[in-house]
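A short worksheet on the structure shown next.
Just so you know, all these numbers are worked out from the coordinates, no wet-lab data involved. None of these values were measured; they are calculated from a predicted model. FYI the Cβ positions are ideal-geometry reconstructions off the backbone, even for glycines, and counts take in every protein chain you see.
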Amino acid sequence: MKQTNGNILEFIVDEQHEGKELKEILYDEMKLSSRLVRRLKRNKSILVNGNFITFHARLRRGDKVEAVMADEVNQFEPENIPMEVVYEDVDLVIVNKQPGLVVHPTKGHPTGTMANALVYRMQQLGESYKIRFVNRLDRDTSGLIIIAKNPYAQQELSKQMQRDEVEKIYLAVVKGVIQEEKGTVDAPIGRPDPEDILRKVYEGGQSSVTHYEVTQRIKDATVIRVKLETGRTHQIRVHMAHIGYPLIGDELYGYVDQELIQRQALHAETLIFEQPRTRGRVEVSAPIPDDIKELIQKLT
């Protein structure tokens, strides 16, 4: 599939695909979801050689199929908030989120969020796209967040997330010295009380798997890298507390010492995934933030 701009997906019919119906190209070759196809069809935004034609029409070699995704307006107010973009292409942008920044406006945080910062950045660059967060991080977790610029990119990356094909690696500092070099926590996580934000390990929870590896042992603490096999809310924080090594600075599940660090020592360090349009491998890493570096120095 050819890359033109972020809002247009293009496919040129070759000898192999000659004679196929338009709908076969859309679903089988361009990998569009039925939801996206319905929306594009309703807007007459699926074109062959610039024309809107029936979905059952058979295509000829050289025909150009275009799926044109319209710009959508964001409802967020622009705010000049510092933000570090570590990767960007026609379909997505990846930000290294600083700790303390809420991702999306909520009742408790209607402004001052990453979404507000992204709208400001768009205005500065003369761009326009609807903000679609592919993954989320807690306010006090730093690190990498993917934002899709169009519905196709969101669709394809969400599929990769659901199939656990996105490799997510975190760095954390936990209380206590872990003796083994590596380990796996396979324990279901859920929220027994819908009114309580706390997640717990219990039989009625969702299957959750966390792999960890020791990178450094320091005074009554351990620096670990964590790879998530599943992506449950608070998964690392719950699992590490469950095995007796809570995250330092974690007010919900961990060990708090305000002199050491002002938030949970958790950083989304690396993301590895398949670019939704080109299918190329993308690997992005974010450096360890200063407060976690300072925490390690204090404990060393």
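Just a few scattered comments:
- Region 84-299, dipole about Cα centre (Lys/Arg Cβ +1, Asp/Glu Cβ -1), debye to the nearest 20: 400 debye
- In order along region 101-110, the phi-based Karplus estimate (6.51 cos²θ - 1.76 cosθ + 1.60, θ = phi - 60°) of 3J(HN,Hα) comes to 9, 6, 6, 10, x, 9, 4, x, 9, x Hz; Gly and Pro are listed as x.
- Across the cross-link table entries LYS31/LYS227; LYS200/LYS293; LYS149/LYS200; LYS97/LYS175; LYS159/LYS293, which are compared at the Cα atoms, the separations over 26 Å belong to LYS31/LYS227; LYS200/LYS293; LYS149/LYS200; LYS159/LYS293.
- Per-pair calculated FRET efficiency, R0 = 45 Å: GLN16 and ASN80 via Cβ, rounded to 0.05: 0.35
- Once you reduce region 122-137 and region 76-98 to the center of their Cα atoms, the two points are 7 Å from each other.
- For region 84-299, relative contact order (Cα pairs under 8 Å, six or more residues apart, normalised by length) works out to 20 percent.
- Stretched out straight at 0.36 nm per residue, the stretch from THR106 to GLN123 would grow longer than its current Cα-Cα span by 3.9 nm.
- A straight line joining the Cα centroids of region 215-253 and region 272-288 runs 25 Å.
- Tensor-based shape of region 77-178 (alpha-carbon gyration tensor, a/c under 1.5 rounded, otherwise prolate or oblate): oblate
- For the peptides 72-84, 29-41, the ranking by mean Cβ contacts within 10 Å, running from highest to lowest, is 29-41, 72-84.
- Whole-Hz couplings from phi, Karplus 6.51/-1.76/1.60, listed for region 163-177; x for Gly and Pro: 8, 6, 9, 8, 7, 10, 10, 10, 10, 9, 10, 10, 6, x, 9
- Of PRO276, PRO110, PRO99, the residue with the greatest mean-square motion in the GNM of the chain, using alpha carbon springs below 10 Å, is PRO110.
- Among THR113, THR141, THR184: highest mean-square fluctuation, GNM of the chain, C-alpha pairs under 10 Å: THR184
- Cα gyration tensor category, rounded, prolate or oblate, for the chain with a/c compared to 1.5: prolate
- Residue exposure sequence - PHE52, PHE11 - by fewest surrounding Cβ within 10 Å: PHE52, PHE11
- Whether region 171-300 is rounded, prolate or oblate, judged on the alpha carbon gyration tensor where a/c under 1.5 counts as rounded: oblate
- R0 of 35 Å, Cβ-Cβ distance GLU165-GLN258: FRET efficiency to nearest 0.05: 0.35
- Contour excess over end-to-end distance, with Cα ends at ASN51 and GLU229 and 0.36 nm allotted per residue: 59.6 nm
- A Förster radius of 41 Å, combined with the Cβ-Cβ distance separating ILE218 from GLU195, puts the computed FRET efficiency at roughly 0.60.
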